[in-house]
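Participant: Pasting a structure below so you can have a look.
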Amino acid sequence: SREAQRLAPNGPNKIVVAMGHAMLALISWLTLQLVSSIQPTEQGPSSTSAPGFLGSLRGHEAGIYALAVSDQLVASGSKDGSILTWNLTGAAMQDASRAMETPLQKLSGHAAGVTALTLRDELLASGAADNSTKLWNVATGELVRQLPHPKTVFGLSISGKQLASACWDGVARIYDLENEVEPMELRGHTGGLYEVSHSPLDPTLLATASADRTVRVWDLKTGRQLWKFMHKDHVTALDWSPVNFTLATGGWDRRFRIWKIHAEEVAKCRGGVCGDLVTWAAGLFFWDG
């Protein structure tokens, strides 16, 4: 399974890493900036000898597949279908040992491993290998909506009143969070989807990463594909810059790529003038892994 990690937005300088063996490691991000790598000891991530290590969040009984982090909460999804939430605010962390050993709540409902999580305010979305996405109110623990899918959901993204899902059938689906209407379907990939992400700068731009070795950028105003960027193997991760149209992608080809799309190219392509730039609209930089 993929190792999951998330950095808390606008929150404490901490990064949460899911190691795949039923516990979370809480590490200082400021320390990680100074240390090139943290090598786990034979005892695993619970060892206090690792630089920047703050502690472990314990509670899962099976491996951890997915994480979501907000300013105040961490949500973790497990192979056994359970979701735990953790309160990592300053007040809670005054008693750090208690906060790390005691989940805020346990959400049960998935019949298979939880493979995707995203958290916005009091709304948590979870995707799983039971071919479903579930929406939860994390303040109450209530399951508020269920969204069936044909196959496993590996990626989720919330922006405003929209939820986007990345499904292994190769289709990205866009759901209206306020109205229970049929989702918009974005079709074009020839392999399963690993990840999906709204651009923070313009949430009507959506990027998808696929086993078909491509990253695609879609216009959610029209449902039209704008760009297709190529890797040499499965693309398993992507994320947008919060300040411009720069997209970072990574995958099985062991290369981390950065695609810089100029704002004027977005306007041109939306107007139908993409020309030969469909694949190479961005400046490409890559590093060998």
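Participant: Ala96 passes all but one of (1) among the small types (Gly, Ala, Ser); (2) in contact with a strand residue (DSSP E or B) (Cβ under 7 Å, 6 or more places away or on another chain); (3) modelled with pLDDT of 95 or more; which number fails?
Facilitator: With respect to (1) among the small types (Gly, Ala, Ser); (2) in contact with a strand residue (DSSP E or B) (Cβ under 7 Å, 6 or more places away or on another chain); (3) modelled with pLDDT of 95 or more, Ala96 is out only on (3).
Participant: Test of understanding: among Gly59, Gly90, which residue is at positive phi and at pLDDT below 90?
Facilitator: Testing whether each residue is at positive phi and at pLDDT below 90 leaves just Gly59.
Participant: For region 228-244, does any single residue satisfy the condition of being in contact with a Pro (Cβ under 9 Å, 6 or more places away or on another chain) and open to solvent by less than 60 Å² (accessible area, probe 1.4 Å)?
Facilitator: Within region 228-244 (the criterion being in contact with a Pro (Cβ under 9 Å, 6 or more places away or on another chain) and open to solvent by less than 60 Å² (accessible area, probe 1.4 Å)), the answer is yes, since at least one residue qualifies.
Participant: Of these, Thr102, Thr133, which one is in contact (Cβ under 8 Å) with a residue 12 or more places away in the chain and surrounded by 21 or more Cβ atoms within 10 Å (Cβ to Cβ)?
Facilitator: After ruling out the rest, the residue left standing is Thr133.
Participant: Taking region 189-228 on its own, how many of its residues are modelled with pLDDT under 95 and touching an Asp or Glu at 6+ places or on another chain (Cβ under 6 Å)?
Facilitator: Number of matching residues: 1.
Participant: Among the residues of region 177-196, how many are open to solvent by 10 Å² or more (accessible area, probe 1.4 Å), in contact with a Leu (Cβ under 7 Å, 6 or more places away or on another chain) and outside any loop (DSSP other than H, G, I, E, B)?
Facilitator: Number of matching residues: 1.
Participant: Could you please find all residues in region 144-176 being basic (Lys, Arg) and either in a strand (DSSP E or B) or open to solvent by less than 70 Å² (accessible area, probe 1.4 Å) (or both)?
Facilitator: The answer is Arg145, Arg173.
Participant: In region 245-256, what residues are of a type outside the set (Val, Ile, Thr), over 22 Å from Gly170 (Cα atoms) and open to solvent by less than 40 Å² (accessible area, probe 1.4 Å)?
Facilitator: Residue satisfying the conditions is Phe245 alone.
Participant: Could you tell me whether any residue of region 168-176 is under 25 Å from Asp80 (Cβ atoms) and in contact with a strand residue (DSSP E or B) (Cβ under 6 Å, 6 or more places away or on another chain)?
Facilitator: No, that holds for no residue.
Participant: Go through region 200-221 and give me each residue that's hydroxyl-bearing (Ser, Thr, Tyr) and either over 19 Å from Asn244 (Cα atoms) or crowded, with 23+ Cβ neighbours inside 10 Å (or both).
Facilitator: Thr208, Ser210, Thr214
The values are calculated or read from the model by the stated rules, or taken from the named source; none is laboratory data. Everything quoted here is computed from the prediction, not taken from an experiment. Positions of Cβ are generated from backbone atoms using ideal geometry, with glycine treated the same way; all protein chains shown enter the neighbour counts. Note: areas computed on protein heavy atoms with side chains; ligands, DNA, RNA excluded. Shrake-Rupley method; radii C 1.70, N 1.55, O 1.52, S 1.80 Å.
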